[in-house]
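The values are calculated or read from the model by the stated rules, or taken from the named source; none is laboratory data. Worth saying up front: this structure is predicted, and the values here are computed from it rather than measured. Cβ placement follows ideal geometry from the backbone for every residue including glycine, while neighbour counts extend to all protein chains displayed.
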Amino acid sequence: MRFQVLYILWLRQIKRYFRSRARIIGSLGQPLLFLVALGFGMGPVYQKAGGGNYIEFLAPGIVAMSILFTAIFSGIEVIWDRQFGFLKETLVAPVSRLEIMIGRTLGSATVATLQGCIVLALAYLAGFRIVSWANLPIALVFMVLIALLFTALGTAIASVLDDMQGFQLIMNFLVMPLFFLSGALFPMAGLPGALKVVVRANPLAYGVDGLRHALIGISTFGTMLNFSVLLIITFLLFVSGAYLFSKIEI
């Protein structure tokens, strides 16, 4: 029964994504805009500065961005389901709220990871090239960790809110700084001291760095540190999200 409920919740999140073509196309718009406009627009400047091919550098960060946006905004579905009664029907099922939260989180993280894979494929069409295909499974591991981390964060925040507008405002306040201060758009070497501290405190920076190392062999922190930080923060946010989700009043 428990695994069946987890499977149903996981599958429901995936069906929600593929049911809406507009959602799929819309979620690809911003990553493609950043990839094309910045990749080709800033490419000559980056190359003249001795950085090489900017598309190669930028693509891992754009993949991480697409996962971040899809994962963290999945939390709004908790508020949506609460307002329209589906969450109440789910919570009265003969399983614990922890298992319900796990099923929803895994489903949303799967969707976010699929989104990242689609953006990676589009980046390849735009000229991005993976240095070693043998490292692709490592890149997939980092994509899954990023998805789990920010899905758990979105769920935790949505669990204490009952207003979709409030959730969107808070997410916009968090998402853009997380992305722009992750090293997705610029190298982390040579940053001013204060900015370097902020970047190192950003969990997405370790996801971007891990992806970049797996895909093009460039790293600032090292794979093991990236993996360890993401794993620890994901666990902490998962526990926090599970606790807050268990306290939802219906």
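Per-structure values
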{"quantity": "Unmet criterion (only one of (1) crowded, with 16+ Cβ neighbours inside 10 Å; (2) farther than 25 Å from residue 43 by Cα; (3) in contact with a Leu (Cβ under 7 Å, 6 or more places away or on another chain); (4) modelled with pLDDT under 95) for residue 179", "calculated": "(2)"}
{"quantity": "Selection from segment 137-166 of residues that are outside any helix (DSSP H, G or I) and touching a Leu at 6+ places or on another chain (Cβ under 8 Å)", "calculated": "160"}
{"quantity": "Members of segment 203-236 found to be crowded, with 21+ Cβ neighbours inside 10 Å and farther than 20 Å from residue 186 by Cα, listed by number", "calculated": "230, 234"}
{"quantity": "Yes/no for residue 8 being modelled with pLDDT under 70 and touching a helix residue (DSSP H, G or I) at 6+ places or on another chain (Cβ under 8 Å)", "calculated": "yes"}
{"quantity": "Verdict on residue 28 being of a type outside the set (Gly, Ala, Ser), over 20 Å from residue 167 (Cβ atoms), at pLDDT below 85 and in a helix (DSSP H, G or I)", "calculated": "yes"}
{"quantity": "Single match in 236, 230, 195 (criterion: at pLDDT 85 or above and closer than 24 Å to residue 114 by Cβ)", "calculated": "230"}
{"quantity": "Boolean, residue 134 is within 23 Å of residue 183 (Cβ to Cβ), part of a helix (DSSP H, G or I) and modelled with pLDDT of 90 or more", "calculated": "no"}
{"quantity": "Odd one out for residue 199, checked against (1) touching a residue at least 60 places away in the same chain (Cβ under 8 Å); (2) within 17 Å of the chain's Cα centre (by Cα)", "calculated": "(1)"}
{"quantity": "Test for residue 140: is it more than 17 Å from residue 223 (Cβ to Cβ) and either at pLDDT 90 or above or basic (Lys, Arg) (or both)", "calculated": "no"}
{"quantity": "Helices (runs of 4 or more DSSP H) lying entirely in segment 50-115 (those with 2 or more residues that are modelled with pLDDT of 80 or more and either buried (at least 23 other Cβ atoms within 10 Å of the Cβ) or in contact with a strand residue (DSSP E or B) (Cβ under 7 Å, 6 or more places away or on another chain) (or both))", "calculated": "54-72"}
{"quantity": "Residue that is farthest from the chain's Cα centre (by Cα), among those in segment 31-49 that are assigned to a helix (DSSP H, G or I) and closer than 19 Å to residue 190 by Cα", "calculated": "48"}
